[in-house]
Amino acid sequence: MTFRELNSKMVEATVMPGQRLFSQRGAMLAYKGEVSFTPNMSGGQGGIMSMIGRRVANEATPLMTVEGSGTVLFGHGGHHVQVINLAGDTLYVEADRLLAFEGTLEQGTMFMGSQGGVMGMVRGQVTGQGLFTTTLKGRGAVAVMAHGGVIELPITPQRPVHVDPQAYVAHHGDVRNKLSTALGWRDMVGRGSGEAFQLELSGNGAVYVQASEEKL
Amino acid sequence: MSQYAGAGPTVHDPTTLPSDDNVNNYTFCVELKGSQWFLQKGKMIAYYGSIDFNGIGHGRLDRLVRTSFHSPLHASDWVVAEGSGKMLLADRAFDVNSYDLEDGNLTIRSGNLLAFQPTLALKQSIVPGFLTLIGTGKFVAASNGPVVFMEPPIRVDPQALVGWADCPSPCHHYDHGYMTGLMGGLRAMTGLGGASGEEHQFEFVGAGTVLLQSSETLMAEQATGAVPQQAGVPGSGVPSTGPSQQAGVPRLPGQLGDLQRRFGL
């Protein structure tokens, strides 16, 4: 286990020679041993092209590379932290929610429109994801930040999950999502329930939901 | 009547409130039995019983201040709670915890300390913005997220540091390799590559315990009072006598810009 949750807001990461970690810049709280922190100009993995891709997609968060041998404590802004272990599948998450992740994971950017065309783009606007989102693929662990505590909801083919777009944090697995609307005449006259949009996730996987409707 | 089924709020009365313990993560209950506690102003949220709150430095309490409050310079920020009853302490929904000191010493960021027993002596640390508690007794401190205890040797982000106990005062650690050399110079001149935000830490060595909070958000700093205007006192603004270096601007070998500008100080 690379990441160990010390408490709800702090994770401890073990760094070993030859292994790399990526973390959000300035999120280190303390470290033991010989560990170096190098700012990562390209904002993650890959060459200059993936860097340009991230800049264009507005998914470029300031990252740093953590190398050496020792233990590092991460935490940021008093946000709650959730460690997600990936076993070969893909995690979809906003780049600014990433606290730290292992270098073994493959980082990419995804166009929301590629999942459901125009509705995908609308969905990105409603969830605050924008037109693009970050993907992490492979085997490894990710520490994700959220406002308020996080719960994991499993998604099975028989049981799709509906999530408030503002409380959505991340999801992984083979999941299709669509935006379901429940707009009625009440919303038109300003007497809506405030829950007109929901994110419907179906398939096989899990979705992470935060106990708050506040963005990071 | 007071029996609630399910997950309703817990209702406390004077008998069910804990004595000198946490009510929940964010509230601490102190029981007074004719005893006294020092409180930072404005941290008491409620109390049962008859408790007097007196500003420090008013005749009757002069002796108390002399024995356990050695920083008369910021005494006006503190009050003495006296009487019998139970009082609740909290600070802006930060996590609150009590700590016991047994013939020890602990240095803590001034804004994080809420209250302490008069058996402890409060002194200004020579590290600006920190206070030192010496002796035996209980004190209550707030932190942003639960406090994590670590043992030296360790390097700590300045914002994540809450305090330290029993170990020597920290020193500054700069990531030398990052700031110097060709790449460091290029970064300094062009601003390209950015700062990792982690070139500067506090380094702790020796035996003791370091207290960390789980976030880089600081609590509002509480003034610790000015230090005597005297040569040799850190932060006093009085230059030391004798041949001094050029004031204020430390330089590293092979470095191009000012260290201070680099860190945005």
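The values are calculated or read from the model by the stated rules, or taken from the named source; none is laboratory data. Everything quoted here is computed from the prediction, not taken from an experiment. A quick note on method: Cβ atoms are made from the backbone with ideal geometry, for glycine too, and the neighbour counts reach across all protein chains shown.
Across region A:150-199, what is the number of residues that are modelled with pLDDT of 85 or more and either touching a Ser or Thr at 6+ places or on another chain (Cβ under 9 Å) or not in a loop (DSSP other than H, G, I, E, B) (or both)?
Number of matching residues: 21.
Any chance you could count how many residues in region B:36-54 are more than 15 Å from B:SER84 (Cβ to Cβ) and touching a Pro at 6+ places or on another chain (Cβ under 9 Å)?
Qualifying residue count, region B:36-54: 1.
Identify the residue in region A:27-46 that is part of a strand (DSSP E or B) and among the hydroxyl-bearing types (Ser, Thr, Tyr) and, among all such residues, is modelled with the highest pLDDT.
The initial filter retains those residues of region A:27-46 that are part of a strand (DSSP E or B), namely A:28-40.
Of the ones still in play, those that are also among the hydroxyl-bearing types (Ser, Thr, Tyr) are A:31, A:36, A:38.
Values: A:TYR31: 91, A:SER36: 85, A:THR38: 80.
So, considering only residues that are part of a strand (DSSP E or B) and among the hydroxyl-bearing types (Ser, Thr, Tyr), the one modelled with the highest pLDDT is A:TYR31.
For region B:121-138, which positions are surrounded by fewer than 16 Cβ atoms within 10 Å (Cβ to Cβ) and either in contact with a helix residue (DSSP H, G or I) (Cβ under 6 Å, 6 or more places away or on another chain) or hydrophobic (A, V, I, L, M, F, W, C) (or both)?
B:ILE126, B:GLY129 - these are the residues of region B:121-138 that are surrounded by fewer than 16 Cβ atoms within 10 Å (Cβ to Cβ) and either in contact with a helix residue (DSSP H, G or I) (Cβ under 6 Å, 6 or more places away or on another chain) or hydrophobic (A, V, I, L, M, F, W, C) (or both).
In region B:92-120, what residues are surrounded by 20 or more Cβ atoms within 10 Å (Cβ to Cβ) and closer than 15 Å to B:ALA165 by Cα?
Matches in region B:92-120: B:LEU101, B:LEU106, B:THR107, B:ILE108, B:ARG109, B:SER110, B:ASN112, B:LEU113, B:LEU120.
When you scan region B:102-181 for strands (runs of 3 or more DSSP E) that lie fully inside it, which ones turn up with 1 or more residues that are within 14 Å of chain A (Cβ to nearest Cβ)?
Correct list: B:130-143, B:147-150, B:154-156, B:161-165, B:171-174.
Please enumerate the residues belonging to region B:94-109 that are hydrophobic (A, V, I, L, M, F, W, C) and under 18 Å from B:ALA160 (Cα atoms).
Going residue by residue through region B:94-109, those that are hydrophobic (A, V, I, L, M, F, W, C) are B:94, B:96, B:101, B:106, B:108.
Hits for region B:94-109 are B:PHE94, B:VAL96, B:LEU106, B:ILE108.
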